[in-house]
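Enquirer: I have a structure here, written as structure tokens, and I will follow up with some questions on it.
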Amino acid sequence: AYGQHRRRLQNLRNAKRQLETEVAERTGERSSAMAVIEKQTQQLRESDALKSRFITNVSHDFRTPLTLTLGTLAGIREGVYGPVGDGIVDELDIVIRNERRLLRLVNQLNDIARLESGRLRLQVAEWDLASIAQDVTLTLEAVARPKQISLRFEGAGSELVYCDSDWMAQVIANLLLNSIR
């Protein structure tokens with residue numbers, strides 16, 4: 001009986017050592033996996049930060065020429081450089097609206113960088129949805145015309161909604177552009 005008890009105790013000690021070894025190995029494997037995950041997480045954070053800086057820099061580089069072009073176009077439209085015919089004024093209005101839209105898109109690139117960094121705040125206010133839709137429609141007339149598509153806005157009056165007007169204009173523009181295509 002004493003010999004059996006001793007063998008059983010030895011077997012239990014061996015099983016305990018084997019279990020401790022296995023636990024240590026698995027703990028080491030998990031620690032290694034966690035270190036790899038942490039390293040990949042840090043690399044993703046650095047990549048996102050780099051992307052955000054790139055977007056911010058590029059959008060700032062676009063803003064200056066767009067702003068200068070807008071100023072020149074407005075001057076031409078107002079007759080600063082000489083008389084402008086009515087037909088050209090209408091075309092200049094379309095170009096100016098499109099330039100403003102480009103500038104808003106560039107600003108939205110900056111907003112994306114701010115969104116990713118947690119610094120973006122929507123500018124929600126009460127807006128006339130019909131006015132936003134009409135402005136977008138007028139802006140996209142030049143895109144529709146070469147495809148022999150007539151765009152016109154027919155609103156039933158003002159419809160006040162709470163939204164961020166730039167983001168709402170972007171949604172409407174995307175819908176119209178997809179329809180035109």
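The values are calculated or read from the model by the stated rules, or taken from the named source; none is laboratory data. Please read all numbers here as calculations on a predicted model, not as lab measurements. Reconstructed Cβ throughout: ideal geometry from the backbone, glycine too, with neighbour counts over all protein chains shown. With ligands, DNA and RNA removed, areas are computed over all heavy atoms of the protein, side chains included. Shrake-Rupley method; radii C 1.70, N 1.55, O 1.52, S 1.80 Å.
Enquirer: With loop defined by DSSP as not H, G, I, E or B, and exposure as at most 15 other Cβ atoms within 10 Å, which is the longest segment of the chain clear of exposed chymotrypsin sites (Phe, Trp or Tyr not before Pro)?
Expert: Here the longest run is 1-80.
Enquirer: With r as the distance between the Cβ atoms of residue 29 and residue 72 and R0 = 45 Å, compute the FRET efficiency 1/(1 + (r/R0)^6) and round to 0.05.
Expert: Using R0 = 45 Å, I get an efficiency of 0.10.
Enquirer: Can you tell me the 0 to 90 degree angle between the C-alpha axis of helix 2-77 and the longest principal axis of the chain, rounded to 10?
Expert: 10
Enquirer: Moving to a separate point now. Taking the convex hull of the alpha carbon atoms in segment 18-94, what volume per residue do you get, in Å³?
Expert: Value for segment 18-94: 80 Å³ per residue.
Enquirer: Please name whichever of 24, 122, 112 sits farthest to the positive end of the charge dipole of the chain, dipole taken about the Cα centre and charges placed at Cβ: Lys and Arg +1, Asp and Glu -1.
Expert: Of the listed residues, the answer is 24.
Enquirer: Could you list the square roots of 5 times each eigenvalue of the Cα gyration tensor of segment 90-170, that is, the equivalent ellipsoid semi-axes, sorted largest first and rounded to whole Å?
Expert: Largest first, segment 90-170 gives 26, 18, 9 Å.
Enquirer: Next question. Return one whole number: the accessible area per residue of segment 1-140 in Å², for a 1.4 Å probe.
Expert: 74
Enquirer: Still on this model: What does the C-alpha gyration tensor say about the overall shape of segment 1-55? Classify as rounded when a/c is under 1.5, otherwise prolate if a/b is larger than b/c, or oblate.
Expert: prolate
Enquirer: So how far, in whole Å, is the C-alpha centre of segment 156-174 from the one of segment 1-29?
Expert: Value for the Cα centre distance between the two parts: 71 Å.
Enquirer: Take the eigenvalues of the Cα gyration tensor for the chain, scale each by 5, and report the square roots as semi-axes in whole Å, largest first.
Expert: 67, 20, 14
Enquirer: If we sort 43-49, 104-110 on the protection proxy, mean other Cβ atoms within 10 Å, highest first, what's the order?
Expert: 104-110, 43-49
Enquirer: For Cα pairs less than 8 Å apart in space and 6+ apart in sequence, what is the mean separation divided by the residue count of the chain, i.e. the relative contact order in percent?
Expert: Relative contact order comes out at 18 percent.
Enquirer: Right, here's the next one. Working out 0.36 nm times the residue gap between residue 116 and residue 81, then minus their Cα-Cα distance, what length gain in nm do you get to one decimal?
Expert: Separation in residues times 0.36 nm, less the Cα-Cα distance, equals 8.2 nm.
Enquirer: Now, a different point. Under a crude label model (7 Å from the Cα following the beta-carbon direction), how far is residue 134 from residue 88 in nanometres?
Expert: About 2.8 nm, to one decimal.
Enquirer: Let me check against my output: what whole-number percent is the relative contact order of segment 101-168, with C-alpha pairs under 8 Å and at least 6 apart?
Expert: 41
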